[in-house]
1. So between residue 66 and residue 204, what do we pick up on full extension, going 0.36 nm a residue minus the alpha carbon distance?
2. Can you put 76, 16, 43 in order of Cβ neighbours within 10 angstrom, beginning with the fewest?
3. Kindly express, to the nearest 10 degrees and within the range 0 to 90, the angle between helix 53-66's C-alpha long axis and the longest C-alpha principal axis of the chain.
4. On each of the three principal axes of the Cα atoms of the chain, give max minus min coordinate, whole Å, ordered largest first.
5. Semi-axes of region 1-69's equivalent ellipsoid from the Cα gyration tensor, sqrt of 5 times each eigenvalue, largest first, rounded to whole Å?
6. Would you mind ranking 177, 97 by Cβ crowding within 10 Å, fewest neighbours first?
7. Report the full-extension gain for the segment residue 22 to residue 56: residue separation times 0.36 nm, less the Cα-Cα distance, to one decimal in nm.
8. Go ahead and estimate [θ] at 222 nm for the chain from helices alone: -39,500 (n - 2.57) per DSSP H run with n ≥ 4, summed, over the residue count, rounded to 500.
Amino acid sequence: AETKPLPVVVWIHGHECTGCDESFIRSGAPLASDVVLSQIDLEYDHLLSAASGEPFERHLEEIMKKYKGQYILAVEGAVCTGDNGVYCMSGGRPFVRTLQEAAAGAMAIIAYGTCAVSGGIQSAKPNPTGSAGINPFVGNTPVVNVPGCPPIPEVMTGVIMHLALFGTLPPLDGEGRPKQFYGNRIHDTCYRRPFFDAGMFAENFDDAGAKAGWCLYKLGCRGPETYNSCGNLRWFQGMSYPIQSGAPCIGCSNANFWDDEPFTKRL
Ligand code: SF4
Ligand code: SF4
Ligand code: F3S
């Protein structure tokens, strides 16, 4: 029987911390190893590929030529535009150029993580490197935005599996995010919500309310304005998520969350 060739994936890294890759490899359903070894043909990834150096960069060029218009491009990290992009070099040239070239030949792009979607920590004030999200730099190639710092492992594998299996983008919301994973606010699925509704709030991290598991709103929780799947999927195969471990949601899937509460007090 004929076997269908696996969809080719190129995964490039800009201004980032590799936390998104680290999240991806912890996916339990599907297992990240199954995705990488049997569902996609991952040809280039700084963390997961064994190769490196000049032959690896040549391989990227060859793959982009050979599979022009067909490969899926995964992007992790922000674009750095300050001083002609010199603060983020990849393969000896500014990352922004690698991105533009790779985007032009891709059938679709996955922007993995808040850095790729909207700049992330690199673009936090005062943003000395001129960092930004990738969307304005990729021309007309369609983008699936998968924000989160990092995104949930199963959200990352779920999105790439959709593209690989169906060859189409998943249904997206107005901000280009897959509706399946970003349709609810953290606040909508939070198990502490009854305390919010009853006006029972922790006022300090070590007070009686905090110990009793009351709502974390007064400690800066951004669940009411943050769209993500943490409340229903949770992290690491359903184990926990920030609010369950006693920390307010910091809104890590929101643009510019580093510049906002709870890191910076709203005035
Ligand atoms: Fe790292 Fe967060 Fe950026 Fe992902 S989104 S690369 S985890 S800083
Ligand atoms: Fe909403 Fe946060 Fe309170 Fe949960 S802890 S109910 S997300 S404000
Ligand atoms: Fe991020 Fe909030 Fe989930 S901080 S991990 S979106 S609970």
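Readers should treat all values here as calculations from the given coordinates under stated rules, not as data from a laboratory. Only a predicted model underlies this, so the values are computations on that prediction, with no experimental measurement involved. Note that each Cβ is placed from the backbone with ideal geometry, even for glycine, and that neighbours are counted across all protein chains shown.
1. Stretched out fully, the residue 66 to residue 204 stretch lengthens by 43.9 nm.
2. Least crowded to most crowded, the residues run 43, 16, 76.
3. 80
4. 61, 52, 32
5. Equivalent ellipsoid semi-axes, largest first: 20, 20, 10 Å.
6. Ordered by Cβ neighbours within 10 Å, fewest first: 97, 177.
7. Computed gain between residue 22 and residue 56 is 10.1 nm.
8. Value at 222 nm, helices only: -6500 deg cm²/dmol.
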